[in-house]
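Remarks on the structure that follows.
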Amino acid sequence: MSELKSRMTAVAMYQYDDIDRSLVNQRVAQFRGQVDRYLNGELTDDEFKQLRLRNGLYLQRHAHMLRVAIPYGLLSSGQMRTLGRISEKYDHGYGHFTTRQNIQYNWPELKDVPDILQELADVDMHAIQTSGNCIRNVTSDHLAGVAKDEIEDPRPYCEIIRQWSSLHPEFSWLPRKFKIAVTGGERDRAAIKFHDIGLRVVTDEQREPGFEVWVGGGMGRTPVVGKLIRGFLPRRHLLSYLEAILRIYNLLGRRDNLHKARIKILVNAVGIDEFHGQVEREWQNMLAAGESLEIGPAEVETVARHFRDDTPPDGGERASDSSRADRWMLDTRFADWHRHNTLEHKNPGYRIVMISLKGPGVAPGDIRSSQMYAVADIAERFSRDEIRSTHEQNLVLAYVKQADIVEVWRELDKHGLATPNIDTLNDMICCPGLDFCSLANAGTINIARQINEKFDRLDRLYGIGEVKLKMSGCMNACGHHDVGHIGILGVDKRGQEWYQITLGGRADDAAAIGKRLGPSLPGEAVADAIERIINVYIGRRKEGERFIDTYARLGIQPFKDQVYVSHHKSKDSRQSVVASA
Amino acid sequence: MSVIINRKIQDNQWSHLPDDDPVVSGDVTVSLGRWIRDRESYDGYGGRIGVRLSPGDALDDLVPFVDGLGLIALEFDKFTEGRGYSQAYLLRERHGFQGEIRALGARRDHVMYMERCGIDAFEPAPQETAGQLLGGFDEITERYQPSHDRIPLIFRKRARGTRDELDLHETSV
């Protein structure tokens, strides 16, 4: 009974039991042994690489990088404090939130990594399968459980998939990495059509719960919008269907060429109909044999009960009292923040607070340890002890009472966490780029800074409205440039860092891959080009039209004309950003 | 050379014949292609015959004949090779093969996964010994999902536990 009580007061997130805890501890001990064997010369560099990757550890340009899993972006305050402590003790006092809702440390020493993993295990965290050719951290909607348009909370299914895929005996050595995303909203906020498998929670005519299943989407070298493989998969068959897809992919996915090994290449090569046929045959065989992976209501409930929302819809006594916030609206700083960084909650007593990690002069997604502690404290006091990371590299406090909103703003502001720029041009997604990553062709943080400086006035940013700007330092697309309304891709041109601009990408329900604007530009011309693109939009938009809508109406040509002023139109080629650079 | 069979170190009985070496005596494995071509010629052979599968080999050609085979050997020629796990699973679960499935080129860091998929014999890669492989089986004993090992799915195990707890609670009230 006392256990039940403590569970009710705990954060509404999955709570480890003895099995989960024992597994992560055994995994730490195993990795400690692997490090020892590597240092003793029993494992080669290449062999150890495969083992360390499956524990989140990369070898980068300057040092190791450790990527810690934040399952579907959900963290407790206590876990956030541990992340802060790790950054101080083993790193340079900061961490970097990624586009897959994880956190990365850029400077750990190899010898310290087993100790870091142990500190994570002590707070029910790990770095398992955050890298390597295996099933990666499952991502989801950062507004899960609090969005107004939600059909069902997707997080229990994310957790079920997390456990099923952890140390899977058959699928730990796939042809290539494998990413799964789940959304439960009417609007897709998890970019499910750009994942190896994308799942949307739906119900059929009999109101039976199930999933729409998308397969073979992805970004990177060959960006592809996923294809529908099953319009309705009954919920109880979730894991067997995933297993059927994975088995076909494991056996038939290409292993001879790293760049052709993702499932999207297989699906395109054999065609979705043939792929669907193979998966269905395999799945029918599994069902005929007696489905050991079936999840009925009792099985789902073992996970779903952890996420249950037991808060009163009105937030309790006086929670909806917004009189203080109303008075504070006279302060334009608060008013700007309230308008741009808070969202309506499914329950009227609350608001959702977005914490921008895109402050001026900061690499997108970076957060200092002092800020991690501050966020942990604020979440503990005001938001059910819970923090979420988003694929746009920001954080969310999902349960702030209306009556507390001013106090939360003041606390965030004190720590430089109230930059009121969510969904503006400066709220850009960006990979670490050449400054850190050994894969990158070009720097990204310097370009982000130039753009930030060009659009440094808030009234101007607000006048522009919603623009999703996404930037990657190479075609691996960690910065999701393919789906940016404006995308920027770093390319290597004879040893120089150049940038390719794309327009019209989007990761929402109207999923599309951005179109190339024209030849790539030198770094110093990028911010100018963005400004010209924005000016075309401002000049030609209709009332209430977002950038992406204006682009859809006009097509790429008007933007192209302004960025690349062609010679026959103008003798003075200095008007062109290409020539002026 | 020593091998591991059902977690015990044993002397190896099998030799793996390249396609141009004649089948003369003893227990031998041949490639799938050779076996399909020559299998009738092995009738009446004094030793046992096994078949070696490369990672890219499809199981379909072998399936009608698996019952008579002394051994199926799966080649793991690279540290990252992953197809053998699915081949083993399908041989066991779909095609009912009950004989020995042997991993060629097994490594300590893989044997735990291999065993769960239905591989029961392990020939170490040249850089490791059978004794070293033994250290890899039980590094992680917690398991979330069934494979050939038929471990109950973790959510079933928990759901059962919860039901038991509830029953207990109700009877004690």
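The values are calculated or read from the model by the stated rules, or taken from the named source; none is laboratory data. For clarity, every value in this text was computed on a predicted model and none was experimentally measured. Cβ sites come from the backbone with ideal geometry, for glycine too, and all protein chains shown count toward neighbours.
Points to keep in mind about this one:
- A:THR332 more than 14 Å from chain B (Cβ to nearest Cβ), at pLDDT below 85 and surrounded by fewer than 19 Cβ atoms within 10 Å (Cβ to Cβ): no
- Per the conditions (1) crowded, with 17+ Cβ neighbours inside 10 Å; (2) more than 14 Å from chain B (Cβ to nearest Cβ); (3) out of contact with any helix residue (DSSP H, G or I) (no Cβ under 7 Å at 6 or more places or on another chain); (4) not aromatic (Phe, Trp, Tyr), the sole criterion not satisfied by A:VAL267 is (3).
- At least 1 residues being of a type in the set (S, T, N, Q) is the threshold, and among the strands (runs of 3 or more DSSP E) wholly inside region A:142-238 those reaching it are A:180-183, A:197-203.
- Pairs are defined by a Cβ separation below 8 Å, a sequence spacing of at least 6 or placement on different chains, a first member in region A:370-385 that is under 12 Å from A:GLY78 (Cα atoms), and a second member that is among the basic types (Lys, Arg); the pairs so defined are A:MET372/A:ARG81; A:TYR373/A:ARG81; A:ALA374/A:LYS414; A:ALA376/A:ARG81.
- Looking across region A:297-315 at every residue that is more than 8 Å from chain B (Cβ to nearest Cβ) and touching a residue at least 40 places away in the same chain (Cβ under 8 Å), the one that is farthest from A:ARG235 (Cα to Cα) is identified as A:GLY315.
- A:ARG410 fulfils the conditions (1) within 13 Å of A:VAL353 (Cβ to Cβ); (2) out of contact with any Ser or Thr (no Cβ under 7 Å at 6 or more places or on another chain); (3) in contact (Cβ under 8 Å) with a residue 12 or more places away in the chain except for a single criterion, (3).
- Considering A:ASN250, A:ASN341, the condition of being within 11 Å of chain B (Cβ to nearest Cβ), in contact (Cβ under 8 Å) with a residue 60 or more places away in the chain, over 30 Å from B:ALA159 (Cα atoms) and polar (S, T, N, Q) is satisfied by A:ASN250 alone.
- Within region A:514-533, one or more residues are at pLDDT 95 or above and under 20 Å from A:HIS195 (Cα atoms).
- Qualifying residues in region B:85-109 (those that are closer than 24 Å to B:GLN127 by Cβ and facing another protein chain (nearest Cβ under 8 Å)) - the one surrounded by the most Cβ atoms within 10 Å (Cβ to Cβ): B:TYR85
- Lone qualifier among B:PHE122, B:PHE65 - being away from chain A (no Cβ under 14 Å), more than 26 Å from A:LEU287 (Cβ to Cβ), surrounded by fewer than 23 Cβ atoms within 10 Å (Cβ to Cβ) and aromatic (Phe, Trp, Tyr): B:PHE65
- Annotation note: Cβ proximity below 8 Å between a residue of region B:1-17 that is without any contact (Cβ under 8 Å) to a residue 40 or more places away in the chain and part of a strand (DSSP E or B) and a residue that is surrounded by 15 or more Cβ atoms within 10 Å (Cβ to Cβ) and not hydroxyl-bearing (Ser, Thr, Tyr) (sequence gap 6+ or interchain) occurs for B:GLN10/B:VAL3; B:GLN10/B:ILE4; B:ASP11/B:VAL3; B:SER15/B:ASP27; B:SER15/B:VAL28.
- Residue count, region A:160-179 (criterion: farther than 19 Å from A:HIS259 by Cα and more than 10 Å from chain B (Cβ to nearest Cβ)): 1
- Within region A:372-395, considering residues that are surrounded by 23 or more Cβ atoms within 10 Å (Cβ to Cβ) and of a type in the set (A, V, I, L, M, F, W, C), the one nearest to A:LEU83 (Cα to Cα): A:MET372
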